[in-house]
Amino acid sequence: MGLWTIGVFARAARLTPKALRLYEQVGLLPPAAVDPESGYRLYDPEQLPVARLVAQLRRIGMPLATIRVVCALDPAAAAQAVTAYWREVSADTAARARLATVLVEHLLEGDVTVSRSNPALAVRCAAGCVTGAARDSNEDAAYAGERLFAVADGMRGPGGAAASAAAIDALLPLALADTPAVDLLTMLAGAVTDVDRTVRALATDEHQPVTTLTALLRGGSQLALVHIGDTRAYLLRGGELSLLTQDHTWVRTQVDQGRLDPDEAAAHPQRAVLVRALGGGRQVEADLALRTALPGDRYLLCSDGLWAVVDRADLHATLSAGGDPEDTVAALVDLAQARGGPDNIACVVADVVAA
């Protein structure tokens, strides 16, 4: 069988001549020959399987650079590469779906209208990060600024401190941008993906560090919350203390499934085992939420070095005592240390006030 013209080959491959010319330009599917007089591109019918594979991969949205790699593999390896690519697409789609759901709920609640009527707000905040009495190193990290509040708890061992620091460092550029409230969650979602890559890059042959992260990014009266792991965010509003996050731990999943009660979970030997963290698992999956801040709100972000040893009543009493953020952080650290301070302690206290 002789060579086919580009038009005949395009119809057989279910591609357009324009697509074939593009694939030639990027070195993906060059013609078998080019007529020296007319310049017509000629294709070998044996190129059809590759052309049809390219067409199918393009239909699932695979980038040309990735397609070039897949086409050079044997069938088994190509199948694995397509599976891995689609797993990434599915995870990204799921993350976008969660983000869309949060934004829709936020809009339906009328928070945008409420925030426009709020007075201009300011924040007074403080952070503390102390090595626990039973620890010889500190893998926790904390940050408090005008627009960003964050705590991270790196896994004990090599790279843990670097992982928690990297998690917070990745968010710092967001605090410098004057970002509309509706874009806060999108920015946080992208930053979490970036920091997950950074933490994974810290891996050695012997150890893969991971870290938790709980952070609030402020835009006007809007607060975007990102959370992964067992660091926590609390809100004291109108005298009531609310937990804004859910621990991503094995015991928490057992409680949710009715296999453990909360008291059993609190004393369980595997209570610190994480099921979600930055740097761990196949894909990062963070919780995202958007909240409206009100004058008088007090936010607490902390690692389990605080909340696991200081009970809810004492947290409530200390946060309600009326001290400024610096004094409150010091009081919370003292409480944890008075109970033995078995773990590192990181916390942020942020007060929302009318400017």
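Computed from the coordinates by the stated procedures, all read-outs in this text should not be read as laboratory data. Note that the structure is a prediction, hence the values are computed from the model and not measured. Methodologically, a virtual Cβ is constructed for each residue, glycine included, from the backbone with ideal geometry; neighbour enumeration extends over all protein chains shown.
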Angle, helix 181-200 long axis vs. longest principal axis of the chain, Cα atoms, 0 to 90°, nearest 10? 80
Under the rule a/c < 1.5 gives rounded, and otherwise a/b versus b/c splits prolate from oblate, where does the stretch 188-263 land using the Cα gyration tensor? oblate
Considering the zone a paramagnetic label at ASP178 would reach in this model (a point 7 Å from Cα along the Cα-to-Cβ line), which residues of the stretch 119-150 have amide N under 18 Å from it? 120-123, 146-148
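Please rank LEU3, LEU171, LEU57, fewest neighbouring Cβ atoms within 10 Å first, as an exposure proxy. Spell out each step's value before the answer.
Values: LEU3 17, LEU171 26, LEU57 20.
Taking fewest neighbouring Cβ atoms as first place, the list is LEU3, LEU57, LEU171.
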Crossing angle, helix 48-59 versus the chain [Cα axis fit, 0-90 degrees, rounded to tens]: 30
Return, ordered by residue number, the residues of the stretch 13-54 whose backbone nitrogen is under 16 Å from a label point located 7 Å along Cα→Cβ of ARG68. 20-31, 54
So what are the three principal axis dimensions of the stretch 193-344 from its Cα atoms, in whole Å, longest to shortest? 49, 39, 31
So how many Å³ per residue does the convex hull of the Cα atoms of the stretch 289-355 work out to? 95
Taking just the alpha-carbon atoms of the stretch 133-217, what radius of gyration and Dmax come out, in angstrom? 13.6, 44
Can you tell me the Rg and Dmax of the stretch 93-354, counting just the alpha carbons, in angstroms? 17.6, 55
Identify unpaired cysteines across the chain, taking unpaired to mean no other cysteine Cβ lies under 4.7 Å from the residue's Cβ. CYS71, CYS125, CYS129
Could I have the simple spin-label model distance between ARG52 and ALA354, label points 7 Å from Cα toward Cβ, reported in nm to one decimal? 7.2
Return the single residue from PRO325, PRO209, PRO45 with maximal mean-square fluctuation; model: Gaussian network over the chain, springs between Cα atoms under 10 Å. PRO45
Taking 7 Å along the Cα-to-C-beta vector as the label spot, tell me the ASP311-TYR40 distance in nanometres, rounded to one decimal. 8.9
At R0 = 45 Å, how high is the FRET efficiency between ARG21 and ALA84 if r is their beta carbon distance? Nearest 0.05 is fine. 0.95
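I need the Kirkwood Rh of the stretch 4-72: take the reciprocal of the average 1/r across all distinct C-alpha pairs and report it in angstrom.
12.1
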So what are the ³J(HN,Hα) numbers for the stretch 62-79, from phi and the Karplus equation (6.51, -1.76, 1.60; θ = phi - 60°), rounded to whole Hz, Gly and Pro as x? 6, x, 4, 5, 6, 4, 4, 5, 4, 5, 8, 8, 6, x, 5, 5, 5, 4
May I ask for the angle, rounded to the nearest 10°, between helix 160-169 and the longest principal axis of the chain, with both axes built from Cα atoms and the value confined to 0 to 90°? 80
